[in-house]
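Visitor: Dropping a structure here in structure tokens format, bear with me for questions.
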Amino acid sequence: MSNTPSQSPTALRSAPVYKLALASALVSLACAGASAQNSPAKTLAVEATGIPVAAAASAPTRNVFIVFGSWLESLGRPAVASALSQPAAPVVFEFLAGQAASIFETVPVILGQPELPLLGQAAADAANLWSSGFNYQGMQMTYLVVDASGTRQELRPVSKGLAAGEHYKIRYTASFDAVATIDRVVGDVWSSQRVGQAWPQAGMSVASQSGETVELPLGGGYFVMGASATERYVLTVRHPQAKGQARSDQPIYRQDGVRGSNYVQLVPGGKQPALEQLIAARTGN
């Protein structure tokens, strides 16, 4: 079957007018090109995480990560005190034995740019106001890691990982209303099981609104990364309605900056976003 679209009688009759319009458009493009050579090139601004965001003077763009970074920048980033007033207090995961286990299949995370552009009503203004109606939803995630003395902390992207024994918080900002939990994962890479919720206690979750920045654990405590290679956890940040068939099963895209990582996920109609990140001690240096 041919893929060539059929032409209507009206389209055929309008051919001379179309050729005139095309010629005029080509002349306009040539003039615009000459003007652009005499104009300064547009640049990108860089936010604190090191991930590019759209410059204020740039034309609207539908590049998902650039627009998402601009929206995060518009929220204003929480300050991070490099020096702590008192040593970091460890928070122990409270894993309750007897919770039902289930097969753990890692959600695909692609380190790259999604193919489809950002779409939705008012998508051109997404850098200022992210909507639940957009075809992409996302979050920014950062580790707040305390040094060996327990008195200073740094921002770190997910790609840099965590060393055994490090004290850390998980900071995230989601573009959607969300609930967050941390589950324990056991077994090797090919036969892992999600064996129950490790934080907060089973049956509870941490709720947040779109654009709200949350630090886990809540309060002044810090998680401690275990030394065992088999000690793994998975952070899930999802919409409260992202359950069963309503949960988006699309891959997650991630871009890492100097001090944080951004995630986006395509969310088809009738689905809700659900983002996951595996947390484990890094190997090597």
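The values are calculated or read from the model by the stated rules, or taken from the named source; none is laboratory data. All values derive from a computational prediction rather than experimental measurement. Reconstructed Cβ throughout: ideal geometry from the backbone, glycine too, with neighbour counts over all protein chains shown.
Visitor: Can you go through Ser228, Ser175, Ser191 and tell me which one is modelled with pLDDT under 85, out of contact with any Lys or Arg (no Cβ under 9 Å at 6 or more places or on another chain), under 21 Å from Val107 (Cβ atoms) and not hydrophobic (A, V, I, L, M, F, W, C)?
Guide: Ser191
Visitor: Right, next: Mind checking which residues of the stretch 199-225 are among the charged types (D, E, K, R) and either at positive phi or in a loop (DSSP other than H, G, I, E, B) (or both)?
Guide: Answer for the stretch 199-225, where residues must be among the charged types (D, E, K, R) and either at positive phi or in a loop (DSSP other than H, G, I, E, B) (or both): just Glu212.
Conditions tested, residue by residue: (1) under 24 Å from Leu72 (Cα atoms); (2) in contact with a helix residue (DSSP H, G or I) (Cβ under 9 Å, 6 or more places away or on another chain); (3) among the hydrophobic types (A, V, I, L, M, F, W, C).
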| site | (1), (2), (3) |
| --- | --- |
| Gly220 | no, no, no |
| Phe223 | no, no, yes |
| Arg232 | no, no, no |
| Pro240 | yes, no, no |
| Lys243 | no, no, no |
| Pro251 | yes, no, no |
| Gln255 | yes, yes, no |
| Ser261 | yes, yes, no |
| Val264 | yes, yes, yes |
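Visitor: Also, quick follow-up: Restricting attention to strands (runs of 3 or more DSSP E) lying wholly within the stretch 139-198, give those where 2 or more residues are under 24 Å from Ser248 (Cβ atoms) and under 22 Å from the mean Cα position of the chain (by Cα).
Guide: Ranges flagged: 167-174, 178-186.
Visitor: Could you list, in sequence order, all residues of the stretch 183-212 that are touching a Phe, Trp or Tyr at 6+ places or on another chain (Cβ under 6 Å) and closer than 20 Å to Asn262 by Cβ?
Guide: The one that is touching a Phe, Trp or Tyr at 6+ places or on another chain (Cβ under 6 Å) and closer than 20 Å to Asn262 by Cβ: Ser210.
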